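The values are calculated or read from the model by the stated rules, or taken from the named source; none is laboratory data. Everything numeric here is computed off the predicted structure, so don't read it as measured data. FYI the Cβ positions are ideal-geometry reconstructions off the backbone, even for glycines, and counts take in every protein chain you see. Remember, those area values only see protein heavy atoms, side chains included, never the ligands or the DNA or RNA. Shrake-Rupley method; radii C 1.70, N 1.55, O 1.52, S 1.80 Å.
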Amino acid sequence: MPEALVPTTPDEQRVHFTEKSWELSFDGSCTRKSSGTGVVPVSPAGELLRCMFYIMFKISNNAVEYEAHIAGLQTALDVSSSVKFGPKRVCRKPETRDSSSFTAMARELKVLNALDAAKTQWYHFTAIVIAGMGFFTDAYDLFSISLVTKLLGRIYYFNPDSKTPGSLPPNVSAAVNGVAFCGTLAGQLFFGWLGDKMGRKKVYGMTLMLMVICCLASGLSFGSTAKGVMATLCFFRFWLGFGIGGDYPLSATIMSEYANKRTRGAFIAAVFAMQGFGNLTGGIVSIIISAAFKARFDAPAYEDDPAGSTVPQADYAWRIVLMFGAIPALLTYYWRMKMPETARYTALVAKNAKQAASDMAQVLNVEIVEEPEQAEELARREQFGLFSRQFAKRHGLHLLGTTVCWFLLDIAFYSQNLFQKDIYTAVNWLPKADTMSALEEMFMIARAQTLVALCGTIPGYWFTVFFIDIIGRFVIQLGGFFFMTVFMLGLAIPYHHWTTPGNQIGFIVMYGFTFFFANFGPNSTTFIVPAEIFPARLRSTCHGISAAAGKAGAIIGSFGFLYAAQSTDPTQTDAGYPPGIGVRNSLFVLAGCNVAGFCFTFLVPESKGKSLEELSGENEDEEAETSAGADYTTAPAAPA
């Protein structure tokens, strides 16, 4: 705010403009200060000008808008354009100015405006493919393990005296299925934080190479005993998950910061939708590998020849399936390294608006020239941190909403996805294990998962892509939780009906609809929204925190459902497992998680059609400070 207009005599007043030591008097003259006070007589034009100043200062309390007013007045008064004027501020709380003015300056950066208004063009699709192939690999690696766990049990835990094929002990099965999620959780937190500190691009390459190396190493797991092989496999799958974890916040943040505000949701959803193709490809690769090995090394059913039902060559089948996931990730490494850093990170976090404009000018094929004054002003800004009171006030409930919704969703989603094979067997959609050979069982499980992915998973993802910028994130997430609850209750309440012969197809259809509304619902929106609603300097970190909460839910789902889904009858449980609550009661628990997710969705704001800077919430803080400005700034004297 300007210095108060202080009357010196009844006929004289003055106003100071301190930048470059120039003084502007009310009659329009301009003189350099040397000595004296610069007092000028009041004229009719000066009185009118003073009233105009007073109105302007009431409307605006930031330097950017004020400079625009001064420029216009300079022209009107025919003052030399080489002379610049700035208001002399007298503030009792100057430290609050920096964070509140940050978004106003961000709005003035031409590169951000160009990104928000950019038409959909080739570089958008390139970014989708580059980021999406990472998610393709993520899904393939995370879910392909469920296709080979039955085979691992037959190979490494065969018991010739048992009437049923070998299976992984409960603790080993839990570790093999869940250890990657532990690594993913750690990776989401670590790489999410690192992405805000070092930049998205620098960290992006690290995560991809870690995924490629550990994917290959998982297939090369070695050991002289079954325990040694499983321990090695778990070790490499933990670090594989660590790399996958980094891909979540970085891919989402990069795509959100590259996209325009009109189609941002569809672009981020398209990256996430590659998970569906990764899941589908895992099933297809498993079908091809198991069918090829079965054709080359035919084997009898377990009930006919327990030892001969698992051929030695089957040990190669699961390794090839796991190692295949490294191929698509490796193919996109070069293009990830060629991507420029996102303009929003460069301008708003690294505070190099000139470099951001240069990078995006090449990408958008337009000329973008940033004003040096704006860039310098931006570099001087100070922003609040993650653990500050300002963040808790502005984004605390938002972060609570995104973390809890993702946590609850993943309990339901991953417990279903990882243990599809158990549910299929429970409803007699798969033949009993002892009537098949090891490779035949792998083929049947892969075929079932491929069918569900093709009919339920992939359509849900792409419905989100097509509709998210039309009906919004909030409605899709709310509707997804609602219909997941409905279909899970539809499975659980008449569960005994679905398990009777002739009704299995109906069960699979209902089960497929739960996946459809998970993906055309919270499984997509919980990934998208955290990449939009937080400030650029904390965006990757907050997305990583939200995603890590989701993986905590996945760990609970993968470990907990393993035990919970066991039959209540001790004689019907899998070998080594205590009695559980059964599949039916487990579905009731998962339906309850969906109800809770429905309620917490109301903490998450709608982000459709808004710029990322607007969604940061700093506009509201700035407006609040404007209205409270008189409490801590010196106001101009009222016109006479």
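Going by average Cβ density within 10 Å per residue, which order do the peptides 255-264, 154-163, 394-403, 577-586 take, highest to lowest?
On the way: 255-264: 23.0, 154-163: 14.6, 394-403: 20.1, 577-586: 17.1.
Ranking, from highest mean packing down: 255-264, 394-403, 577-586, 154-163.
Whenever you get a sec, line up Val363, Val148, Val595 from highest to lowest accessible area (probe 1.4 Å, protein heavy atoms). Can you show the working numbers first?
On the way: Val363 30, Val148 0, Val595 75 Å².
Greatest to least solvent exposure: Val595, Val363, Val148.
Carbon-plus-sulfur fraction of the accessible area of segment 438-491, 1.4 Å probe, in percent?
Details: 1560 of 1870 Å².
C and S atoms contribute 83 percent here.
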So, with points 7 Å from each Cα along the Cβ direction, the Asp298-Ala231 label distance in nm works out to 4.1
Label-to-label distance, nm, for residues given as Lys119 and Ile288 (7 Å Cα→Cβ offset):
3.9
Cross-link table Lys163/Lys227; Lys201/Lys610; Lys261/Lys351; Lys202/Lys227; Lys110/Lys197; Lys202/Lys393, entries beyond 29 Å C-alpha to C-alpha:
Lys202/Lys227; Lys202/Lys393
May I ask you to give the solvent-accessible area per residue for segment 147-303, in square angstrom, as obtained with a 1.4 angstrom probe?
34
Can you give the FRET efficiency for Asp305 and Ala596, using 1/(1 + (r/R0)^6), R0 = 45 Å, r = Cβ-Cβ distance, to the nearest 0.05?
0.35
Label Trp335 and Asn503 with points 7 Å out from Cα along Cα→Cβ: what is the distance between them in nm?
4.8
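Cα convex hull of segment 239-356: mean projected area in nm², to one decimal? Could you put the intermediate results ahead of the total?
Working: hull surface 42.4 nm².
Mean shadow area of the hull around the Cα atoms is 10.6 nm².
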Potential extension, Ile327-Phe222 segment - 0.36 nm per residue separation minus Cα distance
35.7 nm
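In Å², and per residue, what accessible area does segment 497-583 have when probed at 1.4 Å with the other protein chains present? If you can, show how the numbers build up before the last one.
Numbers: 2610 Å² over 87 residues.
So segment 497-583 comes to 30 Å² accessible per residue, rounded to a whole number.
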Note: Phe466 to Gln313 extended length (0.36 nm per residue) minus current alpha-carbon separation gives 50.6 nm
